[in-house]
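To keep things clear, I will list the structure first and then write my remarks on it.
The values are calculated or read from the model by the stated rules, or taken from the named source; none is laboratory data. Every value quoted in this text rests on a predicted model; they were computed, and no experiment measured them. Please note: Cβ atoms are built from the backbone with ideal geometry, for glycine as well, and neighbour counts cover all protein chains shown. These accessible areas exclude ligands, DNA and RNA; they are computed on the full protein's heavy atoms, side chains included. Shrake-Rupley method; radii C 1.70, N 1.55, O 1.52, S 1.80 Å.
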Amino acid sequence: MKKVVKFGGSSLANAEQFKKVGAIIRGDKSRKYVVPSAPGKRFSHDTKVTDMLYSCYESAVNGEDFSDQFAQIRERYQEIIEGLNLSFSLEDDFDKICEDFSNGAGQDYAASRGEFLNGKIMAAYLDYEFIDAADAVRFDDDGSFNADETNRLLSETLKNRENAVVPGFYGAKENGEVVTFSRGGSDITGSLVALAIGADLYENWTDVSGFLIADPRIVKHPKSIETITYKELRELSYMGASVLHEDAIFPVRKAGIPINIRNTNAPDDAGTLIVESTCRQPKYTITGIAGTDGFAAVTVEKAMMNSEIGFCRKVLQIFEDNGVSIEHMPSGIDTMSIFVNKDSFEEKEQKILSDINKTVNPDHIELESDLALIAVVGRGMKSTRGTAGRIFSALAHAHINVKMIDQGSSELNIIIGVRHEDFKDAIRALYEIFVLTQI
């Protein structure tokens, strides 16, 4: 069995965390390929090394003295090395990085050095081979990620290596110029390595024991999700529930490789298994609840709207022409409501309203802002009667008015629109009826 294990910044913030990671890897011989992030926060008011590198490089390109900032970064890594009792030095690497900063090597290069240096320490600590991601993760000349070439390079590089450390978050163009993924991109690197070596499992270790059914900032001590499908994860991630970088799903999903979200600080917890499909029945009717606020609704009314061919298309074309993305569109016989991101809509509000009036001559347009959308997601809803009824019952009992409800034909999720001030209470009410009481 072959496993790829990726560890987040909080899992590698200091020497003590490194030791936990070392014990996890050595405790299972199938954990052959390791993808580390840069050191994260050691405590709540600490600074992540990646942020320190960004700040340091900014000082360098502005012609300011960055020696003190650079010394603090060097000290973070030296503390880890000494804490692990390694006879290992990064001095040559630091000298090269300092020179490159002075020569304006680029912001992506600067940010990537956090993973690069941590990867070197990890390789020395485990006695694994270090593979520079710049040699095996390829970006095109325009900065776009080249998936096919990356898979070829990684497969070729790793095929004869029994164990290896590949730092996450970055790669390079053909000319060697370093390019980074978006923040959290080490998740993507782990997924790419898993695909390249044909892993049986991709373990993503972080500071939580998998996905939780609801946001712990809203619901106290929510239960964890044992197994979730990629489709369910996609629905929840869209509404802001995320432990994993969204783009990390696609390489392993294509190859049918499951992802296991695990907790470095609680390694005995099973975590959450993410799979393409499963016959495992969920413990509850729902898999998870997620939501986000900051939406506005534009309701267009016109008598006999349903008989006017092209009416909806014309309205939607106006939003497209103004560069405003549509989130949901519930409709009636003589009305259509368009839910949009409030911030992006407000910039073009009057132009859009004017265009709607000129194009379709509506009887009335109503605007409503400060709305929130909540997704109730679960493969178990398809085989359970009365899910929508239970949602309405829970919200009515909590004195919450539903502004919109939208259920897809897949019966995998139901989207509810509520007022911003009811957002958290609505999530608590839904969690209570589906998880705590299970009526």
Wholly inside the range 169-275, strands (runs of 3 or more DSSP E) that include 3 or more residues that are among the hydrophobic types (A, V, I, L, M, F, W, C) and open to solvent by less than 60 Å² (accessible area, probe 1.4 Å) are 272-275
Residues of the range 96-129 being of a type in the set (D, E, K, R) and part of a helix (DSSP H, G or I), in sequence order, are K96, E99, D100, D108, R113, E115, K120
Hey, can you tell me all the residues within the range 14-50 that are in a loop (DSSP other than H, G, I, E, B) and closer than 14 Å to F169 by Cβ? S37, A38, P39, G40, K48
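Listed here are the residues, each with its yes/no results for (1) among the aromatic types (F, W, Y); (2) part of a loop (DSSP other than H, G, I, E, B); (3) at pLDDT 95 or above.
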{"residue": "E320", "(1), (2), (3)": "no, no, yes"}
{"residue": "I333", "(1), (2), (3)": "no, yes, no"}
{"residue": "S354", "(1), (2), (3)": "no, no, yes"}
{"residue": "K358", "(1), (2), (3)": "no, no, yes"}
{"residue": "S369", "(1), (2), (3)": "no, no, no"}
Assess whether G323 counts as being surrounded by fewer than 20 Cβ atoms within 10 Å (Cβ to Cβ), at positive phi and in contact (Cβ under 8 Å) with a residue 24 or more places away in the chain. yes
What are the pairs, 6+ residues apart or on separate chains, where a residue within the range 73-94 that is in contact (Cβ under 8 Å) with a residue 24 or more places away in the chain has its Cβ under 8 Å from a residue that is of a type in the set (F, W, Y) and surrounded by fewer than 18 Cβ atoms within 10 Å (Cβ to Cβ)? I81/F88
Of the numbered conditions (1) touching a Leu at 6+ places or on another chain (Cβ under 9 Å); (2) more than 21 Å from V21 (Cα to Cα), P36 fails exactly one; give the number of that condition. (2)
For a quick check of your reading of the model, give me the residue pairs whose first member lies in the range 207-228 and is closer than 13 Å to G291 by Cα, whose second is in a strand (DSSP E or B) and open to solvent by less than 30 Å² (accessible area, probe 1.4 Å), with beta-carbon atoms closer than 6 Å and at least 6 apart or on different chains. I213/G288; A214/I289
Would you mention how many residues in the range 72-103 are closer than 13 Å to Y57 by Cβ, within 30 Å of the chain's Cα centre (by Cα) and not β-branched (V, I, T)? 1
Could you tell me which of the residues S102, S155, S144, S112 is small (G, A, S), open to solvent by 20 Å² or more (accessible area, probe 1.4 Å), touching a helix residue (DSSP H, G or I) at 6+ places or on another chain (Cβ under 9 Å) and closer than 23 Å to D247 by Cα? S155
Considering only the range 289-307, how many residues are in contact with a helix residue (DSSP H, G or I) (Cβ under 8 Å, 6 or more places away or on another chain), in a strand (DSSP E or B) and surrounded by fewer than 20 Cβ atoms within 10 Å (Cβ to Cβ)? 2
Among the residues of the range 16-72, how many are among the acidic types (D, E) and more than 30 Å from V5 (Cα to Cα)? 4
Could you say which residue among S89, S55, S11, S59 is among the polar types (S, T, N, Q) and assigned to a loop (DSSP other than H, G, I, E, B)? S89
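Pick from the range 338-367 the residues that are open to solvent by 20 Å² or more (accessible area, probe 1.4 Å) and in contact (Cβ under 8 Å) with a residue 60 or more places away in the chain: which of them is nearest to the chain's Cα centre (by Cα)?
Among those residues, the one meeting the criterion is L367.
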Considering residues that are touching a helix residue (DSSP H, G or I) at 6+ places or on another chain (Cβ under 9 Å), within 24 Å of L12 (Cβ to Cβ) and hydroxyl-bearing (S, T, Y), the number found within the range 44-69 is 5
